[in-house]
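One structure below.
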Amino acid sequence: MTDPDAPAGSGRNETREEQLDRNWMELIQELRVLQTGVQILAGFLLTLPFQDRFETLDDFQRNLYLVNVALAALTTAFILLPVSVHRRLFRKRLKATLVTSGDNITKIALSGVGALSVGTAALVFDVTAGRAAGLSAGAILLLVLIVLLVYVPLHLHRKARKSNG
């Protein structure tokens, strides 16, 4: 049976439940990609205190480091949250709630990965090339990420809506 709410010409012959299952699996795949990136950045950050040069960090650098560690931990928690929600909602016939909440949580996690990337780049540039370079690198990366993670998807969505009707 096809979904009566599916857009005409979508090319999919799936029920609402099949669509939700597919959406959930796509979401899980996206979370796996995010998780890998966060693990790499967090692993990098966790090795820094054990380097001799760590003792030479000034207060700004040490605070930026701690903010990055906190961001890595919080982002990891948000990446794990949809799995926890799934465990709590499993077999309760709340798949639509699960997919919608997972989508929203993943957007927050994606923002966390972006903020963590900006903070880590700013820290590395600050330590290796100075404060101005660190602030510049952080600002430039922030602008690039806003374009890539916010503007491009919104632009593509608007473009698709115009071409579909």
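State all residues of segment 93-122 that are over 12 Å from the mean Cα position of the chain (by Cα) and aliphatic (A, V, I, L, M); if no residue qualifies, say none. Matches in segment 93-122: 94, 96, 98, 99, 118, 121, 122.
For residue 109, the criteria (1) within 30 Å of residue 131 (Cβ to Cβ); (2) surrounded by 14 or more Cβ atoms within 10 Å (Cβ to Cβ); (3) aliphatic (A, V, I, L, M); (4) out of contact with any Phe, Trp or Tyr (no Cβ under 7 Å at 6 or more places or on another chain) hold in every case but one, which is (4). Of all the criteria given as (1) surrounded by 12 or more Cβ atoms within 10 Å (Cβ to Cβ); (2) farther than 26 Å from residue 153 by Cα; (3) modelled with pLDDT of 90 or more, the one not satisfied by residue 89 is (3).
Criterion applied to 110, 123, 98 was being aliphatic (A, V, I, L, M), in contact (Cβ under 8 Å) with a residue 40 or more places away in the chain and within 19 Å of residue 59 (Cα to Cα), and the one residue passing it is 123. Restricting segment 147-165 to residues that are in a helix (DSSP H, G or I), of a type outside the set (Lys, Arg) and farther than 24 Å from residue 75 by Cα leaves a set whose member that is least open to solvent (accessible area, probe 1.4 Å) is 160. Scanning segment 129-165 for residues that are of a type in the set (Ser, Thr, Tyr) and in contact with a helix residue (DSSP H, G or I) (Cβ under 8 Å, 6 or more places away or on another chain) yields one hit, 136. One residue stands out among those in segment 65-86 that are among the hydroxyl-bearing types (Ser, Thr, Tyr) and over 11 Å from the mean Cα position of the chain (by Cα): the one that is surrounded by the fewest Cβ atoms within 10 Å (Cβ to Cβ), which is 84. Count of segment 132-146 residues, restricted to those that are exposed (fewer than 15 other Cβ atoms within 10 Å of the Cβ) and within 17 Å of the chain's Cα centre (by Cα), is 3.
The values are calculated or read from the model by the stated rules, or taken from the named source; none is laboratory data. Fair warning: this is a prediction, and the values are worked out from it, not measured in the lab. All Cβ positions, glycine included, derive from the backbone under ideal geometry; neighbour counts span all protein chains shown. Quick note on the areas: whole protein, heavy atoms, side chains included, nothing else; ligands and nucleic acids left out. Shrake-Rupley method; radii C 1.70, N 1.55, O 1.52, S 1.80 Å.
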